[in-house]
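Beneath this line is the structure, given in structure tokens, with notes to follow.
The values are calculated or read from the model by the stated rules, or taken from the named source; none is laboratory data. Keep in mind that this is a model prediction, so the values were computed, not measured. Methodologically, a virtual Cβ is constructed for each residue, glycine included, from the backbone with ideal geometry; neighbour enumeration extends over all protein chains shown. Note: areas computed on protein heavy atoms with side chains; ligands, DNA, RNA excluded. Shrake-Rupley method; radii C 1.70, N 1.55, O 1.52, S 1.80 Å.
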Amino acid sequence: MSTSAFDFRVTDTDGRARRGVMTTAHGDVETPAFMPVGTQGAVKGLTHRDLDDLGVEILLSNTYHLYLRPGDDLIARRGGLHRFISWTRPILTDSGGYQIFSLAAKRTIDEHGARFQSHLDGSAHLLTPEKATDIQAQLGSDIAMVLDECLAYPAEVDDVRRSMERTLRWAGRARNRLLALREGSADGVVVTNPGQAQFGIVQGGVLSELREASARQTVALGFEAYAIGGLSVGEPIEVMYDVVSQTTAWLPQDRPRYLMGTGTPEDLVECVARGVDLFDCVLPTRNARNGQLFTSQGRINIDNARFAEDERPVDPECGCYTCRTFSRAYLRHLFNTREINAAALNTLHNLNFYLDTIRRIREAIRFGRFESFRRTFREQLAGQAPA
């Protein structure tokens, strides 16, 4: 495991918005890109054939969940995550940091790592920066994230500083561990993807001084690329946009920037305008299962009684299978009778909306029309609620 197969090149710019190509061991990804969340190695409600039809180029899976079940050792014995789930395109695995954040009542954090109780059976576990790196090496994802500490908003300045500095120390340990694995110091770890890249994570809450210090020191560790973490945890949306805008300016121009766990459709457009290249978010899939659908004119809740006899598609401007085939009335019926098909059809539509938005963003950047696209997109979503 001597080197990463990772590369990135910017092909077009329009203001701070960038279009590019990210190369991984399992293929190229056009950026900006949106990664559907396949927590357990699957996007809820969809098959890989559905993802292929939607044009998904990269999938996100979860270190924490796969470590607990079925276990990274088992996945390594099956040849790695790509082979285990029969997915041939790139995969990014997060480190489990956000899941540990969400388990506040069941975990403690110290310099060594995070001690937590499994949400499945209450068993005790210790996740260190080295352990998170080893798990992801066994999973064999194309992009592995370092273990970081995430704080809720608001937080005291001293707490944010301590957390940011600890994340930096953890990042150094994670980087050293991956470099040792590349040099052959496996210590029983089965490296299933020799070309795996590792991303560092910038923390620092909403404090500009701490964000800058985190960005500069994380970059100095020499990761293949960089992520912005610790946002969408309760801060006002304009504050989040300001932090993103500041942070991308401190990151290398020739490396992709990944905004973790953030992404309404408006966020995608606004954060591309601020220099972000990669996104993931559970909103399109989770909201679909709860009956909320994204459209070119805003969101609708499909269980609303006014759709009971509505023969129109969810979004007349959408070309997805759901909109080409089914009426709002039928989708409302499926949702209210709790048919499994409701989640699948709703998810198909929402993911198509997100991926189509990203494709339109890339096209607008290519032809120098991004600001016009941004303005029109914002005006449409700020207009009347869809009928």
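General observations
- Whichever residue in segment 334-354 is surrounded by fewer than 17 Cβ atoms within 10 Å (Cβ to Cβ) and not charged (D, E, K, R) and, among such residues, is nearest to GLU30 (Cα to Cα): ASN341
- A single entry from GLU165, GLU183 fulfils the requirement of being over 28 Å from ARG16 (Cβ atoms) and in contact (Cβ under 8 Å) with a residue 12 or more places away in the chain: GLU183.
- Screening segment 309-320 for residues that are open to solvent by less than 50 Å² (accessible area, probe 1.4 Å) and in contact with a helix residue (DSSP H, G or I) (Cβ under 6 Å, 6 or more places away or on another chain) and picking the one that is farthest from ASP356 (Cα to Cα) gives ASP310.
- Condition met for ALA5 (under 19 Å from the mean Cα position of the chain (by Cα) and of a type in the set (A, V, I, L, M, F, W, C)): no
- All helices (runs of 4 or more DSSP H) inside segment 263-352 with 3 or more residues being among the charged types (D, E, K, R): 265-272
- Whether a residue is aromatic (Phe, Trp, Tyr) and open to solvent by 20 Å² or more (accessible area, probe 1.4 Å) was assessed, and PHE326 passes this test.
- Selected residue (only one of ARG166, ARG161, ARG175 is under 27 Å from GLU30 (Cα atoms), assigned to a helix (DSSP H, G or I) and more than 20 Å from the chain's Cα centre (by Cα)): ARG175
- Pairs, first farther than 17 Å from LEU126 by Cβ and at pLDDT 90 or above in segment 80-109, second among the small types (Gly, Ala, Ser) and open to solvent by 10 Å² or more (accessible area, probe 1.4 Å), C-beta under 8 Å, six or more apart: ILE85/ALA42; THR88/GLY27; ARG89/GLY27; PRO90/ALA25; PRO90/GLY27
- Here the condition is being modelled with pLDDT of 95 or more, exposed (fewer than 14 other Cβ atoms within 10 Å of the Cβ), closer than 30 Å to VAL10 by Cβ and over 22 Å from the mean Cα position of the chain (by Cα); of PHE373, PHE367, it holds for PHE367 alone.
- Pair list, Cβ under 9 Å, 6 or more apart: segment 280-291 residue farther than 18 Å from ALA227 by Cβ and free of Cβ contacts under 8 Å to residues at least 12 places away in the same chain, other residue of a type outside the set (Asp, Glu) and open to solvent by less than 10 Å² (accessible area, probe 1.4 Å): ASN290/ASN346
- Among the residues of segment 178-215, those identified as under 24 Å from GLY27 (Cα atoms) and hydrophobic (A, V, I, L, M, F, W, C) are LEU178, LEU179, LEU181, VAL190, VAL191, ALA197, PHE199, ILE201.
- Residue count, segment 60-97 (criterion: of a type in the set (Val, Ile, Thr) and over 21 Å from the mean Cα position of the chain (by Cα)): 1
- Failed criterion for THR357 (all others in (1) surrounded by 14 or more Cβ atoms within 10 Å (Cβ to Cβ); (2) farther than 24 Å from MET35 by Cα hold): (2)
- Just so you know, in segment 184-225 the residues that are modelled with pLDDT under 95 and at negative phi include one that is least open to solvent (accessible area, probe 1.4 Å), and it is ALA186.
- Listed by position, the strands (runs of 3 or more DSSP E) contained in segment 35-132 that have at least 2 residues being surrounded by fewer than 20 Cβ atoms within 10 Å (Cβ to Cβ) are 107-109, 114-117, 124-127.
- Of all the listed residues (ARG274, ARG306), the sole one being under 26 Å from the mean Cα position of the chain (by Cα), open to solvent by 10 Å² or more (accessible area, probe 1.4 Å) and not hydrophobic (A, V, I, L, M, F, W, C) is ARG274.
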